[in-house]
Amino acid sequence: MSGGDDEAIGGDRRDTGGGGEDMSGLDEDMAAGRSASGAGAGDADRTASGADGSPDGRWHADAEDLRAYARGELAPPRLWSVDTHLVACAPCREALATVSDPVVLDAGWERLDAELDAPRPRLLESLLVRIGVADHTARLLAATPVLRRSWLAAVALVLLMAVVATDAGRVAASPTLFLALAPLLPLAGVALSYGPVLDPTYEMAVVSPLHGFRLLMIRTVAVLTTGLVLNGLATLALPAYGLRALAWLLPALALTGTGLALTARWGPVLPPCLVGGAWVTLLMVAHAKADGGTLAPFTALGQGIAGAVAVLAAGLLYLVRDRFDFSPSHAFFADHTDFSDRSAA
Amino acid sequence: MTPTVSASGLTLRYGGTVALDDVSLRLSEGVTGLLGPNGAGKTTLLRVLATAVPADRGAFTVLGHDPGTTSGRLDVRRALGYLPQTPAFHPDFSAFEFVDYVAILKELTDRSARHREVRRVLEAVDLSDVRGKRIKRLSGGMRQRVGLAAALVGDPGFLVLDEPTVGLDPEQRMRFRELIAESGVGRTVLLSTHQTEDVAMLCHRVIVMVRGSIRFEGTPAELTARAAGRVWSSTARDPGARAGWRTGTGSFRNVGDPPKGADLLEPTLEDGYLLTLDGEPAEVAA
């Protein structure tokens, strides 16, 4: 794609990323398309030449993109850009006809027709697609409760407070408060991203062909990555501690992995609470024995143990993956009142 | 008719309570109604047949697939449309986005094909005009239709609907009944409901569950026939009746064993249902 065409696509991206529910952007484009429709159609290659080479001085879709579009092989976000542009641009629609098999072209128009019904992706989905996430995966992630802005803002605020408090009281050898808190945030995030309590559509997801473990992993990777990035940014705000400020990473992986593995057996609420409680208890015991030095979990030995726990938890999680294909606990559903009072005996 | 769903001996216990007690049934194409009081085990049966929870004992097949195996369960889920009791939605999603989300869960990953399918099911439930509206701004009836649209994605052969008409006003309920009736053409629909009118209007078969067991399985006419000669009118509530209530005309409608010379009334399906609930021995009609 030429530089000019890159810009053309970029211009369309501005529209596709709007994230609104309405089609007002399309209406504007259609109005623009009507004004451009009298400019005449060029062949595909001429259309591809961009503003400098096009007869009407407007940006146009790249010929290669049009061919891929006609074959149904163009992927988002470029697909969205061409969809939107075709609505507005008569020359490009005619150019599409010249590069298309008539049967395939009919399918393309049908596809475009369906696309016009689809609301534009919201901000989060657009961002995910732009960094290479498949559009269907992006939608699954958009339904993840903890990826909502309010949650991210809360995590960022907690981290900021932890960093400020740690930095203000910088007398110890390691940023203990920050290191104690940071592993709990990914644990909580992952726990809140899946399960019958917090996912309103959990029941529908469980009976879908998409394996529960796969959905869990898709969301876990996204939430964990987001949490680790936020933690990492917070770590950068504590440069005085050097690598010691990264001692949260392995405990975070160990806590999250253990919490998830136990979720398969005891549901999504109890295990994260137990694991989080165990972590706090461990730190309190370590604090009592540390005599002002580095707490045991943040020493080299403690880090090694945390790494080993993380690996074991990942292995256990894989072994119990099929348990995520059913509802983890009957007690989490409103229909528990639908049970007979009659005793099994 | 050839059964599309067959279950035998389904039993499920939660702690000390029995939710399903040796349930066997056969479903065929068309709409089958599932009636029963609260606590009868209707939702549990639906969740087992929808593969949300496994039964402790027993087995079933859906369209020839055995959910007892991993591959069979996947095949059942591919053939399944499920509308849970009081379905919840991601409130910030629009109707289109939500149905699109469910379509992705149903493995429709190709964007264009998926969007065509989403459009098709939204048209089928008459929601095309509000497809871009956020679900939290839709009425209760519209939300139920969004749920039905999601269940219809992929044209499933087995549709499980758990009390879909609860909370709807009469007009919405009638519209929803039309949609269920249309959905029952060419597929097997199991409809759990408290509304005997739903069954009378929609179903070619009816199952009555009480305390985890099936009390009746047959046609609506057969259920109604159970009350033949057992419904009568009187000027005061008959103390010998199993159920009785004052009607709008001021007379009492009694259900049970009528006294000699009673003024017998034409029975309804609800009369047959009430008599089935009232301590009658379990019976399966031929």
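The values are calculated or read from the model by the stated rules, or taken from the named source; none is laboratory data. Only a predicted model underlies this, so the values are computations on that prediction, with no experimental measurement involved. Cβ atoms come from the backbone with ideal geometry, glycine included; neighbour counts cover every protein chain shown. We work out accessible area using only protein heavy atoms, side chains counted, and drop any ligands, DNA or RNA first. Shrake-Rupley method; radii C 1.70, N 1.55, O 1.52, S 1.80 Å.
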Give me the log10 of I(q) over I(0) for the stretch B:87-155 at q = 0.15 Å⁻¹, as the Debye formula computes it from C-alpha points; what are the numbers? -0.37
Per residue of B:109-121, other chain Cβ atoms within 10 Å number on average 5
Ratio Rg/Rh [Cα only; Rh per Kirkwood] for the stretch A:143-333: 1.00
Across peptide B:13-23, what mean number of C-beta atoms from other chains lies inside 10 Å of a residue's C-beta? 4
Gained length - B:Ala228 relative to B:Glu107, 0.36 nm times residue gap less alpha-carbon distance: 38.6 nm
For the stretch A:143-333, calculate the relative contact order in percent as a whole number, restricting contacts to Cα pairs under 8 Å that are 6 or more residues apart. 29
Accessible surface buried once A binds B (1.4 Å probe; total of both sides; Å²): 5100
Could you grab the relative contact order for the stretch B:87-155? Cα pairs under 8 Å, six or more apart, rounded to a whole percent. 47
Burial ranking of peptide ranges A:293-302, A:206-215 (average Cβ count within 10 Å, highest at the top): A:206-215, A:293-302
FRET E, pair B:Asp169, A:Ile131, Förster distance 45 Å, beta-carbon r, rounded to 0.05: 0.45
Need one value: the accessible area of B:Thr196 in square angstrom, 1.4 angstrom probe, rounded to the nearest 10. 10
Computed on Cα atoms only, the convex hull of the stretch A:192-257 has an orientation-averaged projected area in nm² of 5.1
Please compute the contact order of chain B in relative form: average sequence separation of alpha-carbon pairs under 8 Å and at least six residues apart, divided by the residue count, as a percent. 21
At a 10 angstrom cut-off on C-beta neighbours, averaged per residue, how do the peptides B:203-210, B:224-231 rank from highest to lowest? B:203-210, B:224-231
Mark the label point 7 Å from the Cα of B:Thr70 along Cα→Cβ and return the residues of the stretch A:297-324 whose backbone N is within less than 19 Å of it. A:314-324
Once ligands and nucleic acids are excluded and a 1.4 Å probe is used, how much of B:Thr235 is accessible, expressed in Å² to the nearest 10? 130
Return the average number of partner chain Cβ atoms within 10 angstrom of each residue Cβ along peptide B:42-53. 5
Could you work out [θ]222 nm for chain B from helices alone, using -39500 (n - 2.57) per DSSP H run of at least four and dividing by all its residues? Round to the nearest 500 deg cm²/dmol. -9500 deg cm²/dmol
Using a Förster radius of 56 Å, what is the FRET efficiency between B:Ser8 and B:Thr235 based on their Cβ-Cβ separation? Nearest 0.05, please. 0.70
Tilt, helix B:95-105 to longest principal axis of chain B (alpha-carbon atoms), in degrees rounded to tens, equals 80
Roughly to the nearest percent, how much of the accessible area of the stretch A:159-267 is carbon and sulfur, given a 1.4 Å probe? 76
Considering only DSSP beta bridges with both partners in chain B, what is the antiparallel share in %, to the nearest 5? 60
Most to least accessible of B:Met142, A:Met204, B:Met174, A:Met161 (protein chains only, probe 1.4 Å): A:Met161, B:Met174, B:Met142, A:Met204
So how strong a dipole does chain B carry about its Cα centre when Lys and Arg Cβ are +1 and Asp and Glu Cβ are -1, to the nearest 20 debye? 680
Between the alpha-carbon centers of the stretch B:156-175 and the stretch B:236-259, tell me the distance in whole angstrom. 31
Modelled label-to-label distance, B:Glu182 and A:Ala154, 7 Å Cα→beta-carbon offset: nm? 4.1
So the FRET efficiency between B:Glu197 and A:Leu270, C-beta based with R0 = 45 Å and rounded to 0.05, is 0.55
From most to least accessible, 1.4 Å probe, no ligand or DNA/RNA atoms counted, A:Val158, A:Val311 line up as A:Val311, A:Val158
Going by Cα centres, the stretch B:66-125 and the stretch A:225-277 are how many Å apart? 33
Candidate residues A:Ile218, B:Ile104: accessible-area rank, largest first, probe 1.4 Å: A:Ile218, B:Ile104
